[in-house]
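Below is one structure; the comments refer to it alone.
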Amino acid sequence: MAQSLSTAEVQALLDKPFMDLVHEAQTIHRRHFRPGTVQVSSLLSVKTGGCPEDCGYCAQAARYQTGVQGEGLMATDQVLEQARAARDAGATRFCLSAAWRGPKDRDLDQVAEMVAAVKEMGMETCATLGMLGEGQAERLAVAGLDYYNHNLDTSPEYYQQVIGTRGYDHRLDTLRKVQEAGLNVCCGGIVGMGESRTDRAGLIAQLAALAPQPQSVPINNLVPVPGTPVGDSSEPVEPLEFIRTVAAARIALPSSYIRLAAGRLSLTEAEQALCFQAGANSIFYGDELLTTPNPDEGSDRALLDKLGMAIEEAPQDSRAEKQA
Ligand code: SAM
Ligand code: DTB
Ligand code: SF4
């Protein structure tokens, strides 16, 4: 089992000379993964906008004027059409996202139907639906869900500056429910919300302390959304600082997939290559995230070709693999 690092230990990593940090991350990466392959997930917002929560970075929070219209839950047929297109373009995991505080049982039935049908298509499945109540993670597991995404977003200290309607403990409680249901956990955070390096260290230490460590760790580079408090007030982090964060996550979470999540459009190809060098081995694939753009599949395929990297095949049964 990976040893968890304290905030001070992660901070010491982040403070290292850049070349030493990236070298250490790449060395650890090669000990745990085949270099040169990238896991690819496609995202679909199945329920967009109108969210009652107040996450300060989010385009979908009803209380901020972001221009995003609230919509109801998408029809299953439409979701399956998008999943098929993502699979045909090369994605091996499909992630269903909903702008809810948490799912109502009636909504969960419909999402469970979507999950089962996507799984049937031969893709891995992921869902991110907000906080889960008793029995809901089990319901999703029975439907064939492989991963549940629920982020800690930032350090416990900085969290309060960003989100008021749900606490860090609520998030940890949902993560515990997901783990107890035998699902893989996808849990990460956001860089570039005005937090300090110590906050980034605090987030990584929290992720590393989860037992077991999350199988998937998305590192989002804030996509500043006009109309949100965080989007309107934050200065972007420097790309080199983002790459340091990726490297420290790789070292602290040696056998987790580290995903370059939102915000890749603000990184050059060379900066993304350095993220891979620092141990990132997963991306969101497809030209839209939830409400904001992402590089299109063609430019990602071209980038991977230039780097001599390949898309990783989906495992036969990722939950069985985890339990083995
Ligand atoms: N409503 C669900 C929830 O909060 O768990 C699922 C969707 S929510 C949009 C998923 C995650 O996307 C957030 O926890 C946050 O880490 C990330 N995210 C949202 N807006 C973002 C932005 N503007 N830039 C970067 N990451 C963002
Ligand atoms: C995650 O960590 N990042 C994804 C996914 N999990 C759901 C979402 C990114 C959202 C970026 C902003 C938007 O498109 O609205
Ligand atoms: Fe709602 Fe999720 Fe956005 Fe928070 S991050 S406002 S919970 S959609």
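For region 5-14, name all the residues that are in contact (Cβ under 8 Å) with a residue 24 or more places away in the chain and assigned to a helix (DSSP H, G or I). Write out each step before concluding.
Looking only at region 5-14, we keep the residues that are in contact (Cβ under 8 Å) with a residue 24 or more places away in the chain, and these are 5-11, 13-14.
Residues satisfying the conditions are Thr7, Ala8, Glu9, Val10, Gln11, Leu13, Leu14.
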Counting only residues that are under 18 Å from the mean Cα position of the chain (by Cα), away from ligand 2 (no atom under 14 Å from the Cβ) and closer than 28 Å to Glu241 by Cα, which one in region 164-198 is least open to solvent (accessible area, probe 1.4 Å)?
Tyr168
Could you please give the count of residues in region 18-40 that are at pLDDT 95 or above and open to solvent by 60 Å² or more (accessible area, probe 1.4 Å)?
6
Test of understanding: among Ala127, Ala86, Ala98, Ala141, which residue is away from ligand 1 (no atom under 15 Å from the Cβ) and under 30 Å from Asp296 (Cα atoms)?
Ala86
For region 217-244, pairs from a residue that is away from ligand 1 (no atom under 13 Å from the Cβ) to a residue that is at pLDDT below 95 and in a loop (DSSP other than H, G, I, E, B), with Cβ under 7 Å and 6 or more apart or across chains, are none
Taking region 117-155 and keeping only residues that are part of a helix (DSSP H, G or I) and closer than 18 Å to Ser42 by Cβ, one is left with Ala117, Val118, Lys119, Glu120
Test result for Asp300, buried (at least 20 other Cβ atoms within 10 Å of the Cβ) and over 16 Å from the mean Cα position of the chain (by Cα)
yes
Could you look through region 95-147, keep only residues that are among the hydroxyl-bearing types (Ser, Thr, Tyr) and away from ligand 3 (no atom under 15 Å from the Cβ), and pick out the one that is nearest to the chain's Cα centre (by Cα)?
Tyr147
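Conditions (1) under 22 Å from the mean Cα position of the chain (by Cα); (2) in contact (Cβ under 8 Å) with a residue 40 or more places away in the chain; (3) open to solvent by 30 Å² or more (accessible area, probe 1.4 Å), marked per residue:
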| site | (1), (2), (3) |
| --- | --- |
| Lys16 | no, no, yes |
| Ser42 | yes, yes, no |
| Thr48 | yes, yes, no |
| Gln65 | no, yes, yes |
| Gln78 | no, no, yes |
| Glu81 | no, no, yes |
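The values are calculated or read from the model by the stated rules, or taken from the named source; none is laboratory data. Quantities reported herein were computed from a predicted structural model and do not represent experimental measurements. Don't worry about glycine lacking a Cβ; one is built from the backbone with ideal geometry, like all the others, and counts go over all protein chains shown. Heavy atoms of the whole protein, side chains included, go into the accessibility calculation; ligands, DNA and RNA do not. Shrake-Rupley method; radii C 1.70, N 1.55, O 1.52, S 1.80 Å.
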